[in-house]
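In what follows, a single structure is set out as structure tokens and then discussed.
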Amino acid sequence: MSSPAESALGWWGVLLAILAGTMRGGTPFLFVSLGECLTEKSGKINLGLEGTLLMGAMSAYAISYLTGSPWLGVLVAGISGLALGAIHGWLSQQPRVNDVAVGIAMIIFGSGLAFFFGKPFIKPTAPQLPTIDLAGWSQNPAVEAALKISPLFILGALLAPFLHWFFSSTRWGLYIRAVGDSPAAARAMGISPFKVRMLSVMAGSFLAGIGGASLSLYYPGVWTERISSGQGLMAVALVIFARWNPLQCLLASLLFGGAQALGPALQSVGIKEGYYLFNAAPYILTLVIMILTCSPQRTLTGAPGALGQEDA
Amino acid sequence: MSQEKLFHLSRRQIVRGLLAATAFGVTTKFGTGCTASTSGQADAGANAGSGDGEQMTVGFIYVGPKDDYGYNQAHAEGAAGLTKALTWVKLVEEASVPETTAVTESMRSMIDIDGAKVLFPTSFGYFDPHILKMAQEYPDVQFFHCGGLYKEGTHPKNVGSYFGYIDEAQYIAGIVAGSTSKTGKLGFVAAKPIPQVLRNINSFTLGAKSVNPDVTTQVIFTGDWSLPLKEAEAANSMADQDVDVLTCHVDSPKVVMETAEKRGIFCSGYHANQSALAPKGYLTGAEWDWANIYTKLLTDIKSGKTLMSGDIPHLLRGGLKDGFCKVSDYGPAVSSDTKKAAEAAKAKFMDGSMVIYTGEIKDNKGNVVIPAGTSLKQQDPKLEEMNYLVEGVIGSIGS
């Protein structure tokens with residue numbers, strides 16, 4: 001339809017790439033950050049989501065390849081996350097065990113397990129998740145490609161307000177918040193902090209596993225050992241940035257996804273200088289957020305009171 | 001405090017546990033040690049003489065998985081081809097070995113336990129200090145490293161290095177890309193601006209410009225050898241900018257090839273054959289042909305030649321003519337005229353009359369880098385210090 005001059009987007013391409021990047025690259029951030037948000041609301045920190053992400057990516061790809069059903073892959077990715085979450089949830093609640101240390105061990109365990117079982121699945125091409133095409137109106141192939149949205153992204157985008165409502169307006173949400181803010185008070189209410197935290201960590205890991213599935217079954221759509229490149233850890237920083245609010249997690253994930261697309265997009269329109277700097281955009285963003293949100297004078301608003309503390 | 005009881009261990013339990021662990025360790029060590037030592041003896045015999053029917057153990061170490069459609073797969077296919085060609089070669093392999101002391105341990109166990117006499121630690125970063133250290137420790141084992149870092153005099157005599165001028169194959173891929181592209185815009189996803197990568201980009205571009213002088217190559221540097229997400233972003237954003245042939249120089253071209261196919265544009269492979277990933281858009285590709293080189297090397301070793309005596313050159317290099325690399329079979333989108341042009345160039349490489357870097361060549365800032373009348377042949381050391389992008393490449397090597 002369009003002549004090359006028209007379809008070459010130039011600077012619009014950068015905006016389009018960032019827009020597409022927010023949705024493509026933001027999906028794993030979204031799921032991991034929502035999972036971490038749920039976990040941290042209950043007072044536990046799970047740094048192991050990086051390992052969960054890899055395990056999810058691997059199992060989703062493997063199951064999709066073996067059974068031919070990508071949706072089954074997504075489910076199994078969630079279940080593999082659930083299993084890793086159960087280990088973390090149980091282990092991190094033992095006496096004198098530190099969440100962060102267990103989390104780091106779980107990163108190594110999860111990624112090691114994923115690499116071990118993932119060996120035979122690097123080569124084959126697995127069926128990918130179908131995409132929802134929102135660009136029927138456009139003749140421009142670039143716009144069409146940018147607006148191919150993953151159903152997982154929509155699922156995540158719906159999950160964020162749901163979690164917000166869940167925390168603020170349901171009994172179960174109250175339990176989680178109570179356990180996270182003051183386990184002693186929760187125990188007095190007759191709630192078992194152990195069980196609530198266990199379930200929260202497991203559910204959070206389930207979500208992170210699905211985030212992994214979106215990496216291997218949607219974008220970039222392959223299974224390799226370098227697929228996650230630290231996104232699981234960045235998502236933890238993102239939760240702090242979002243002040244433990246699921247709706248803000250959604251916005252923060254979009255921001256991080258867009259930041260990832262910035263470097264390549266700018267190079268493609270001929271901004272030749274400083275690509276290392278642009279490529280580092282997501283990491284710089286993480287640092288800036290940490291500096292802006294951390295202050296010795298005040299504690300963070302919205303932080304669960306008993307976050308990461310030893311259960312009394 | 002009742003939970004603490006859970007972890008209480010009596011002294012008796014600890015002693016029992018220690019004994020069990022020791023017994024387990026001893027039995028497993030005994031089992032593997034036993035099988036390895038027999039093969040070790042057999043190999044020692046094979047190494048000394050050139051008797052037929054005796055096995056020789058050859059070790060291959062890869063930095064990534066063996067089936068990544070990339071650098072490691074190219075080497076693993078070479079190793080598989082070697083065992084097929086020479087039945088007396090016993091192959092031991094280890095994949096995903098990081099460029100740390102882990103590779104030292106892998107080499108040591110291949111030598112001590114498996115009895116390997118020839119090792120191919122293939123990744124670039126294995127060389128210094130890991131291979132050098134092991135080479136001093138085991139002077140009768142021959143180490144072949146892919147890269148070309150060997151320096152006469154400073155490095156041990158039992159170390160050799162080999163590398164191919166794969167940019168010749170990239171030049172031919174460039175001819176195919178340049179004549180197939182409709183928009184005249186080619187895209188190159190590159191990892192880092194180092195000489196080998198720049199040489200591939202430049203040769204690809206010069207090949208394309210030899211058939212269509214107006215062609216441009218857009219380069220995007222991702223910053224590292226394996227960043228799937230960045231590679232996908234780079235491929236997508238170039239597709240957005242009307243680039244219609246994509247190629248790359250990263251460890252695993254899988255993401256770039258699949259993204260190109262998804263976006264309905266052409267692609268040109270690297271390292272290994274990726275036509276299975278992009279059945280419609282795969283034009284051709286620059287592949288390594290390590291099976292050929294490995295078979296030659298091992299045949300030489302079997303006939304009694306060694307690095308130590310100098311019968312096998314310490315620096316082994318070559319291009320298309322010497323069988324270090326090859327060009328993938330042409331895909332369905334390549335026209336017969338294009339094939340003819342590509343084959344003509346290939347024939348010139350094969351008879352040695354082709355020199356890619358013949359002046360005058362300007363860089364993309366307008367400076368003359370190779371003056372008219374000068375031609376830098378394949379082996380010219382100046383080409384190994386390449387620090388420019390030729391005219392027609394859009395991109396910059398400065399960070």
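We did not get these values from a lab; they are worked out from the coordinates using the rules stated. Note that the structure is predicted; figures quoted are calculated from it, not measured. Cβ sites come from the backbone with ideal geometry, for glycine too, and all protein chains shown count toward neighbours.
In straight-distance terms, cross-link reach from B:Lys133 covers every one of the aspartates and glutamates whose alpha-carbon lies under 15 Å from its own, apart from those fewer than eight places away in the same chain; here that gives B:Glu99, B:Glu105.
For a quick check, take a GNM of chain A with Cα springs below 10 Å and name the residue from A:Gly78, A:Gly190, A:Gly43 with the largest mean-square fluctuation. Top of the fluctuation ranking is A:Gly190.
Legend: mean number of C-beta atoms from other chains within 10 angstrom of residue C-beta atoms, peptide A:118-124, equals 5. Applied to the range B:147-159, the Karplus parametrisation 6.51 cos²θ - 1.76 cosθ + 1.60 on θ = phi - 60° returns per-residue 3J(HN,Hα) values of x, x, 8, 5, 10, 4, x, 8, 9, x, 6, 8, 10 Hz, with x for Gly and Pro. Label-to-label distance, B:Gln13 versus A:Leu15, with points set 7 angstrom from Cα along the beta-carbon direction: 6.7 nm. Which shape class, rounded, prolate or oblate, goes with the range A:4-293 when its Cα gyration tensor gives a ≥ b ≥ c as root eigenvalues, a/c under 1.5 marks rounded, and past that a/b bigger than b/c marks prolate? In terms of gyration-tensor shape, prolate. In a GNM of chain A with a 10 Å cut-off on Cα contacts, which of A:Leu15, A:Leu82, A:Leu255 has the highest mean-square fluctuation? Of A:Leu15, A:Leu82, A:Leu255, the most mobile in the Gaussian network model is A:Leu15. When the Cα gyration tensor is reduced to axis lengths a ≥ b ≥ c, the ratio a/c is 1.5 or higher for the protein assembly as shown, and with a/b not above b/c it is classed as oblate. Net charge dipole, chain A: roughly 500 debye, given to the nearest 20, about the Cα centre with Cβ charges of +1 for Lys and Arg and -1 for Asp and Glu.
Sequence-ordered 3J(HN,Hα) estimates for the range B:211-223 from the Karplus curve with 6.51, -1.76 and 1.60 and θ = phi - 60° stand at 9, 8, x, 8, 5, 10, 10, 8, 10, 10, 8, 8, x Hz, glycine and proline given as x.
Comparing B:Val219, B:Ser96, B:Asn202 along the charge dipole axis of chain B, the residue lying farthest to the positive side is B:Ser96, per the Cβ-charge model. Under the classification rounded if a/c is under 1.5, otherwise prolate if a/b is larger than b/c and oblate if not, where does the range B:243-383 fall, given a ≥ b ≥ c as square roots of the Cα gyration tensor eigenvalues? The shape class here is oblate.
Which entries in A:Lys119/B:Lys382; B:Lys84/B:Lys346; B:Lys254/B:Lys340; A:Lys123/B:Lys84 show an alpha-carbon gap greater than 32 Å? The answer is A:Lys119/B:Lys382. Between the amide H of A:Leu47 and those of A:Gly103, distances stay under 5 Å, these residues lying 5 or more places away or on another chain, with hydrogens modeled in the peptide plane. Only Cα pairs under 8 Å and 6+ residues apart enter the sum, and on that basis the relative contact order of the range A:4-293 stands at 38 percent.
Report the net charge of residues surrounding A:Trp223, where surrounding means a beta-carbon distance below 15 angstrom and charges are Lys +1, Arg +1, Asp -1, Glu -1. Net charge around A:Trp223: -1.
Legend: residue pairs B:Lys117/B:Lys305; B:Lys90/B:Lys157; B:Lys185/B:Lys365; B:Lys321/B:Lys348; B:Lys296/B:Lys321; A:Lys41/A:Lys195, Cα-Cα distance threshold 21 Å; pairs beyond threshold, B:Lys90/B:Lys157.
In the Gaussian network model of chain A, springs joining C-alpha atoms below 10 Å, which of A:Trp172, A:Trp90, A:Trp244 carries the largest mean-square fluctuation? Per the Cα network of chain A with a 10 Å cutoff, A:Trp172 tops the list.
Scanning chain A for DSSP H helices at least 30 Å long along the axis (C-alpha atoms) with a Kyte-Doolittle mean no lower than 0.0 picks out A:11-41, A:70-91, A:193-217, A:246-268.
Averaged over the residues of B:239-246, the number of partner chain Cβ atoms lying within 10 Å of the residue Cβ comes to 6. For B:Tyr282, the amide hydrogen comes within under 5 Å of the amide hydrogens of B:Cys267, counting only partners 5 or more places away or on other chains and with H modelled in the peptide plane. Estimated from the Cβ-Cβ distance and a Förster radius of 35 angstrom, the FRET efficiency linking B:Leu86 and B:Ala347 is about 0.70. Taking the helices alone, the protein assembly as shown has a mean residue ellipticity at 222 nm of -17000 deg cm²/dmol, built from -39,500 (n - 2.57) per DSSP H run of at least 4 residues and averaged over all its residues. Treating r as the C-beta distance of A:Ile291 and A:Val100 and R0 as 22 Å, the FRET efficiency rounds to 0.60. For the protein assembly as shown, the dipole from Cβ point charges (+1 on Lys and Arg, -1 on Asp and Glu) about the Cα centre works out to 1640 debye, to the nearest 20. For chain B, the C-alpha radius of gyration sits at 1.15 times the compact-globule guess of 2.2 N^0.38 Å, with N the residue count.
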